[in-house]
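This report refers to the structure that appears directly beneath it.
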Amino acid sequence: QTYQFKVKKIQIIIGPLFEESYIDELKIYESEYIKFIKNSKSYPDLLASADLVFCSGGTTLLEAMCLGLPIVNYPQSKYEYNHALKYANLGACVFKERINNVIESYVLRENLRKNSLSQIDGNGSLRIANLIKSFIGEINA
């Protein structure tokens, strides 16, 4: 399906497990406006600068929510679907079937942004660090 909307630049970030043969197939679409970026060390900056995120229902979903980015979700497994469904029901992301709505509606993108920020507090790393310290403390006790 083709979507009609004005785009300045599309950066597609490809993870380390993406098969090379698929990347080769996609490279034919690369242009001045469309870039494929594989295993970028600047991933956090690229994600933070995004206007809209298309991702599956795993860690990138949570990272994008933490940044308050509107998300169109493409789950790759039943687990990812169920994980993303929780946040879709809270209005923090939508599934691929609603891509046109997200592209066409600034109000929807803004609601997704606000709802995402209300669900993720950004303190996950701190909680994990505290759990590790607690676990090490128990071992050393």
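Residue 19 sits with roughly 100 Å² accessible to a 1.4 Å probe, with DNA, RNA and ligands left out of the calculation. In this simple spin-label approximation, residue 37 and residue 89 carry label points 7 Å from Cα along the Cα→Cβ vector, and these lie 3.4 nm apart.
With respect to the chain, whose longest principal axis is taken over its alpha-carbon atoms, helix 78-89 is tilted by about 80°. From the alpha carbon centroid of region 1-80 to that of region 90-141 is 17 Å. Note down the net charge around residue 90, summing +1 for each Lys or Arg and -1 for each Asp or Glu among other residues with Cβ under 15 Å from its Cβ. Value of the local net charge: +3. Rg and Dmax over the alpha-carbon atoms of the chain stand at 17.4, 63 Å.
How about region 21-128: which chymotrypsin sites (Phe, Trp or Tyr not before Pro) there lie in a loop by DSSP and see at most 11 other Cβ atoms within 10 Å? If you can, show how the numbers build up before the last one.
On the way: sites: 22, 29, 33, 36, 54, 79, 81, 87, 95, 106; in loops: 33.
Within region 21-128, the qualifying chymotrypsin sites (Phe, Trp or Tyr not before Pro) (loop, at most 11 other Cβ atoms within 10 Å) are 33.
Taking each DSSP H run with n ≥ 4 as -39500 (n - 2.57) and averaging over every residue of the chain yields -14500 deg cm²/dmol at 222 nm. Seen against the Cα atoms of the chain and their longest principal axis, helix 124-140 is set at about 30 degrees. Rounded to the nearest 20 debye, the dipole size of region 58-123 about its Cα centre is 100 debye, using +1 on the Cβ of Lys and Arg and -1 on the Cβ of Asp and Glu. When the Cα positions of 52, 28, 17 are compared along the charge dipole of the chain, 52 comes out farthest toward the positive end, with charges on each C-beta of Lys, Arg, Asp and Glu. Partners of residue 8 within straight-line reach, counting lysines whose Cα lies under 22 Å from its Cα and excluding those fewer than 8 residues away in the same chain: 27, 35, 38, 96.
Under 5 Å from the amide H of residue 12 lie the amide H atoms of 35, 36, 37, each residue being 5 or more positions distant or on a separate chain, with H modelled from the backbone and absent for Pro and chain starts. What's the angle, to the nearest 10 degrees (0 to 90), between helix 106-119's Cα axis and the longest principal axis of the chain? It is inclined by approximately 10 degrees.
The values are calculated or read from the model by the stated rules, or taken from the named source; none is laboratory data. What you see is a predicted model, and the numbers here were worked out from it, not measured in a lab. Neighbour counts run over all protein chains shown; Cβ positions are idealised from the backbone, glycine included. What goes into the accessible areas is simple: the full protein's heavy atoms, side chains included, and nothing from ligands, DNA or RNA. Shrake-Rupley method; radii C 1.70, N 1.55, O 1.52, S 1.80 Å.
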